[in-house]
């Protein structure tokens, strides 16, 4: 369970506790003090409580549902773990547009990049940046070049005792 999920559960527990206190006849001000929220928040809870009971204070999903059920999300995870090359992309790098194409190809659903990002975060993925180093990189050859060839190519500073060739210099 991620941090945001823990926070959401704690907020729901606080709402339900406040709702039970309101049902017992506690004043809104007293509930606000005991639960640690503003009186305006308790007033909103009270309206929801009157309209729909304690169930109205339970967590409600925000935004539009993703449209992918649990089995489809598992399948998406399996396909993502196989890699982008296995799905016919030129490199093994997953990008939001590529994942969007993948979802559309496999599940027939088109999503914006922001919704694709939300789906990936819900699956436990995070933003990663490639190292920018070639897979064929030869560390030994690079070290030899830095120690042998680079010093021979590097310019050295002129000796301070030598006079300047500048026409503005006082000599």
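Each reported figure results from applying straightforward, stated rules to the coordinates on display, with no laboratory input. Bear in mind the structure is a predicted one, so any value in this text is a computation, not a measurement. Backbone-built Cβ (ideal geometry, glycine too); neighbour counts: all protein chains shown.
Quick one: grab the alpha carbon gyration tensor of region 3-57, order the square roots of its eigenvalues as a ≥ b ≥ c, and give me rounded if a/c is under 1.5, else prolate or oblate depending on whether a/b is larger than b/c. Oblate, because a/c is 1.5 or more while a/b does not exceed b/c. Between (1) -1.23, -1.39, -1.55; (2) -1.09, -1.14, -1.21; (3) -1.18, -1.29, -1.40, which matches log10 I(q)/I(0) by the Debye sum over Cα atoms at q = 0.18, 0.19, 0.20 Å⁻¹ calculated for the structure shown? Step by step, log10 I(q)/I(0) by the Debye sum over Cα atoms at q = 0.18, 0.19, 0.20 Å⁻¹ for this structure corresponds to label (2). Please say if region 35-129 is rounded, prolate or oblate, where rounded means a/c under 1.5 for a ≥ b ≥ c the square roots of the C-alpha gyration tensor eigenvalues, and otherwise the choice is prolate for a/b larger than b/c and oblate otherwise? Taking the square roots of the gyration eigenvalues as a ≥ b ≥ c, region 35-129 is prolate. The ranking of 99, 35 by Cβ neighbour count inside 10 Å, starting from the fewest, reads 35, 99.
The long axis of helix 96-107 is offset from the longest Cα principal axis of the chain by roughly 50 degrees.
From least to most packed, judged by other beta carbons within 10 angstrom and beginning with the fewest, 119, 142 follow the order 142, 119. In this simple spin-label approximation, residue 134 and residue 85 carry label points 7 Å from Cα along the Cα→Cβ vector, and these lie 1.7 nm apart.
At R0 = 30 Å, how high is the FRET efficiency between residue 51 and residue 5 if r is their beta carbon distance? Nearest 0.05 is fine.
0.70
On full extension, the segment bounded by residue 150 and residue 121 gains 6.0 nm, given 0.36 nm per residue less the C-alpha separation.
Remark: relative contact order (the chain) = 12 percent; criterion is Cα-Cα distance under 8 angstrom and separation of 6 or more residues. With contacts taken as Cα pairs under 8 Å at a separation of at least 6 residues, region 3-57 carries a relative contact order of 35 percent. The residues 145, 45, when put in order of fewest to most other Cβ atoms within 10 Å, stand as 145, 45.
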